[in-house]
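Peer 1: Here it is, the structure, as structure tokens.
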Amino acid sequence: MKLKGIKIKLHPTENQKAFIDKNLSLNRFVWNKLLGMQQDRFENGGDYVNAYGMHYLMKALKIEFPFLKEAESTSLEYTSDDLDDAFTRFFTKQNNHPRFKSRKHPKNTYKSKCINHNIMIVDTHYLKLPKLGLVKFFGGHRIQDKIKSATIRRELNGSYTATIHVEHEPKVFEKTGNVIGIDLGLTDLVIQSDGFKLKNKQFERSLAKNRRQWERKFARRHTQALAKIEEAKAQGIDLKLSDFKNLHKAKEHIARISKKIANQRANYLQQYTTSLVRRFDLIAMENLSTKKLMQNHHLARSIADASWAKIKSMLTYKCDWYGKELILVDARYTSQICSHCGENTGKKPLHIRRFDCPHCHSVGIDRDVNAANNILNKALA
């Protein structure tokens with residue numbers, strides 16, 4: 001059985017919104033307390049406390065801070081698990097040291113565990129959640145399997161969503177006997193060894209003008225709000241940025257545009273990767289280090305919009321689900337080697353789009369298709 005996440009949009013009441021916001025702040029409070037404890041132990045020569053130890057410390061925290069009992073209990077346990085995972089990644093040098101969360105932290109989520117059917121679909125329009133009761137939502141027909149947990153999220157645009165994690169038994173796709181190598185690019189998002197090229201639709205650039213307009217509005221309204229706060233302060237009136245509704249309207253509009261870009265890109269890549277896994281039994285792909293490539297300031301925006309890492313992650317779990325094989329190969333020299341004879345012909349400038357081999361006299365080969373064939377050859381070798 002695999003775990004599958006199904007994202008749905010919630011329509012909570014005002015009281016339910018208040019509880020979600022409060023639960024988010026309590027989870028942030030627990031994260032900061034446990035992180036501070038870990039740092040104090042390290043400075044005093046103590047050992048690291050793992051997830052089980054932090055679960056035990058939760059009892060002492062609830063005695064010291066009784067208001068923590070108002071939170072959904074399993075969400076606090078998941079917070080300590082997330083902190084333990086963050087430290088594990090830090091110890092293995094995958095991530096930086098965990099940091100304290102502020103009120104403006106973008107990751108506004110908490111996770112609840114399904115115990116004794118406290119998370120269940122009542123009907124196609126109502127979802128039962130711990131301490132929230134019945135919450136109105138849409139998309140219940142997609143949730144058919146056993147529910148394991150739910151992640152509640154407050155989006156930057158002010159909306160609320162839930163990702164329902166269910167036990168899922170994927171149906172293995174039929175074997176086709178076909179193999180494919182894919183090369184990642186910017187003009188064309190994916191180039192296959194059979195010559196097919198997936199167009200890069202550049203979703204971020206298509207809505208860049210609209211988002212830039214709202215970013216200017218936000219900057220202008222923010223400057224005006226700060227000026228009014230200073231004027232009110234001189235008159236003895238207490239004003240805050242939260243009192244300016246137009247400012248928050250502009251901020252939510254920017255977040256809404258960014259969310260639309262992310263949804264369009266994800267839908268485009270989901271459809272392509274699923275079709276790829278259906279048609280091919282073995283998929284060879286270059287293992288690029290996106291973090292290093294993003295240091296090129298001329299290409300960073302285009303690379304971020306291409307979402308190469310997302311293509312890799314989608315193919316990884318889909319091949320695992322549907323009984324196909326994904327092989328990641330070293331990308332070095334794939335654009336220099338001739339896919340026919342295997343000779344290295346040296347570096348070529350980007351404006352040369354055709355590959356000509358002086359050794360086997362192959363001419364007119366598309367440069368990117370040649371690289372995709374080299375990736376496939378490496379995987380088969």
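Any read-out appearing in this document is the output of simple, stated calculations on the displayed coordinates, not a laboratory observation. Worth saying up front: this structure is predicted, and the values here are computed from it rather than measured. Neighbour counts are summed over all protein chains in view; Cβ atoms, including those assigned to glycine, are modelled from backbone coordinates with ideal geometry.
Peer 1: Taking the Cβ-Cβ separation of Ile352 and Ile63 as r and a Förster radius of 51 Å, what is the calculated FRET efficiency to the nearest 0.05?
Peer 2: Working: r = 70 Å, r/R0 = 1.38.
FRET efficiency, Ile352 to Ile63: 0.15.
Peer 1: While we're here: In nm, what is the difference between 0.36 nm times the number of residues separating Ser73 and Lys209 and their Cα-Cα distance?
Peer 2: Values: separation 136, 0.36 × 136 = 48.96 nm, distance 4.44 nm.
Gain in length upon complete extension: 44.5 nm.
Peer 1: Quick one: which of Lys197/Lys348; Lys33/Lys93; Lys59/Lys146; Lys22/Lys148 span more than 26 angstrom between C-alpha atoms? Can you show the working numbers first?
Peer 2: Values: Lys197/Lys348 21 Å; Lys33/Lys93 23 Å; Lys59/Lys146 30 Å; Lys22/Lys148 23 Å.
In this structure, Lys59/Lys146 exceed 26 Å between Cα atoms.
Peer 1: Counting other C-beta atoms within 10 Å, which of His125, His297 has the fewest, and how do the rest follow?
Peer 2: Values: His125 14, His297 7.
Least crowded to most crowded, the residues run His297, His125.
Peer 1: Which one, His168, His298, His253, has the greatest fluctuation when you compute a Gaussian network model over the chain with C-alpha springs under 10 angstrom?
Peer 2: It is His298.
Peer 1: Within the chain, which is the longest segment that contains none of the trypsin sites (Lys or Arg not before Pro) sitting in a DSSP loop with at most 14 other Cβ atoms within 10 Å? Can you show the working numbers first?
Peer 2: Numbers: sites that count: Lys93, Arg99, Arg103, Lys104, Lys107, Lys146, Lys171, Lys175, Lys201, Lys240, Arg332, Lys347, Arg353.
So the longest stretch without any such site is 1-92.
Peer 1: Measuring from a point 7 Å past the Cα of Asp188 along Cα-to-C-beta, which residues in the range 246-286 have an amide N at less than 17 Å?
Peer 2: Flagged as within label range: 272-273, 276, 284-286.
Peer 1: Separate question: May I ask you to evaluate 6.51 cos²θ - 1.76 cosθ + 1.60, the Karplus curve with θ = phi - 60°, for each residue of the range 116-131 and list the ³J(HN,Hα) values in order in whole Hz, giving x for glycine and proline?
Peer 2: Running phi through 6.51 cos²θ - 1.76 cosθ + 1.60 with θ = phi - 60° gives 6, 6, 6, 10, 7, 8, 6, 8, 6, 10, 9, 10, 8, 10, x, 6 Hz.
Peer 1: Thr163 to Leu299: FRET efficiency via 1/(1 + (r/R0)^6), r the Cβ-Cβ distance, R0 45 Å, to the nearest 0.05?
Peer 2: E between Thr163 and Leu299, to the nearest 0.05, is 0.90.
Peer 1: Enumerate the residues in the range 1-33 having an amide nitrogen under 16 Å from the point lying 7 Å beyond the Cα of Asp145 toward its Cβ.
Peer 2: Those under the cut-off are 1-8.
Peer 1: How much length is gained if the chain between Tyr126 and Arg332 is pulled fully straight, taking 0.36 nm per residue apart and subtracting their Cα-Cα distance, in nm to one decimal? Please report the intermediate quantities before stating the final value.
Peer 2: Values: separation 206, 0.36 × 206 = 74.16 nm, distance 5.23 nm.
Between Tyr126 and Arg332, full extension yields an extra 68.9 nm.
Peer 1: So, one more: What is the extension gain from Lys291 to Thr316, computed as 0.36 nm multiplied by their sequence separation minus the C-alpha to C-alpha distance, in nm to one decimal?
Peer 2: Numbers: separation 25, 0.36 × 25 = 9.00 nm, distance 1.88 nm.
Gain on stretching Lys291 to Thr316: 7.1 nm.
Peer 1: Which residues' amide hydrogens lie under 5 Å from the amide hydrogen of Ser149, considering only partners 5 or more residues apart or on another chain, with H built in the peptide plane?
Peer 2: Cys114, His165
Peer 1: At q = 0.33 Å⁻¹, work out log10 I(q)/I(0) for the range 333-381 with the Debye formula, treating every Cα as an identical point scatterer and leaving solvent out; two decimals please.
Peer 2: -1.44
Peer 1: Hey, fewest Cβ within 10 Å first, where do Leu184, Leu10 land in order? Before the final figure, lay out the partial values.
Peer 2: Details: Leu184 24, Leu10 21.
Fewest to most other Cβ atoms nearby, the residues stand as Leu10, Leu184.
Peer 1: At 7 Å along the Cα-to-beta-carbon direction for both Gln264 and Lys233, put a label point, then send me their distance in nm to one decimal.
Peer 2: Taking the simple label geometry, Gln264 and Lys233 are separated by 4.1 nm.
Peer 1: Here is a follow-up. For Glu72, Glu155, Glu167, what's the fewest-to-most ordering of other Cβ within 10 Å of each Cβ? Working shown, then result.
Peer 2: Values: Glu72 23, Glu155 17, Glu167 12.
The order, fewest Cβ neighbours first, is Glu167, Glu155, Glu72.
Peer 1: Using a Cα-Cα cut-off of under 16 Å, which lysines could be cross-linked to Lys324, ignoring same-chain neighbours fewer than 8 residues away?
Peer 2: Lys2, Lys171, Lys175, Lys312
Peer 1: Among Ala86, Ala262, Ala331, which one shows the highest mean-square fluctuation when the chain is modelled as a Gaussian network with alpha-carbon springs under 10 Å?
Peer 2: Looking only at Ala86, Ala262, Ala331, the largest GNM fluctuation is found for Ala86.
Peer 1: What Kirkwood radius, in Å to one decimal, follows from the Cα pairs of the chain? The partial results should precede the final answer.
Peer 2: On the way: mean 1/r = 0.0403 Å⁻¹.
Final number for the Kirkwood radius of the chain is 24.8 Å.
Peer 1: Between the helical axis of 208-234 and the dominant principal axis of the chain, each derived from Cα atoms, what acute angle in degrees is found, rounded to the nearest 10?
Peer 2: 30
Peer 1: Still on this structure, I have one more. Enumerate the residues in the range 36-51 having an amide nitrogen under 13 Å from the point lying 7 Å beyond the Cα of Asn95 toward its Cβ.
Peer 2: Within reach of a label on Asn95, which here means backbone N under 13 Å from a point 7 Å along Cα→Cβ, the range 36-51 contributes nothing.
Peer 1: Build a GNM of the chain with springs between Cα atoms under 10 Å: which of Tyr272, Tyr56, Tyr78 gets the top mean-square fluctuation?
Peer 2: Residue with maximal mean-square fluctuation among Tyr272, Tyr56, Tyr78: Tyr56.
Peer 1: May I ask for the angle, rounded to the nearest 10°, between helix 245-279 and the longest principal axis of the chain, with both axes built from Cα atoms and the value confined to 0 to 90°?
Peer 2: 40
Peer 1: Is it possible to state the helix-based mean residue ellipticity at 222 nm for the chain, with each DSSP H run of 4+ residues giving -39500 (n - 2.57), the sum divided by total residues, to the nearest 500 deg cm²/dmol? What is it?
Peer 2: Numbers: 10 runs with 169 residues, N = 381.
So the helix-based figure for the chain works out to -15000 deg cm²/dmol.
Peer 1: By how many degrees, between 0 and 90 and to the nearest 10, does the Cα long axis of helix 367-380 differ from the longest principal axis of the chain?
Peer 2: With both axes taken from Cα atoms, the answer is about 80 degrees.
Peer 1: Are there cysteines in the chain with no second cysteine's Cβ under 4.7 Å away, and if so, which?
Peer 2: Within the chain, the cysteines lacking a partner Cβ under 4.7 Å are Cys114, Cys319.
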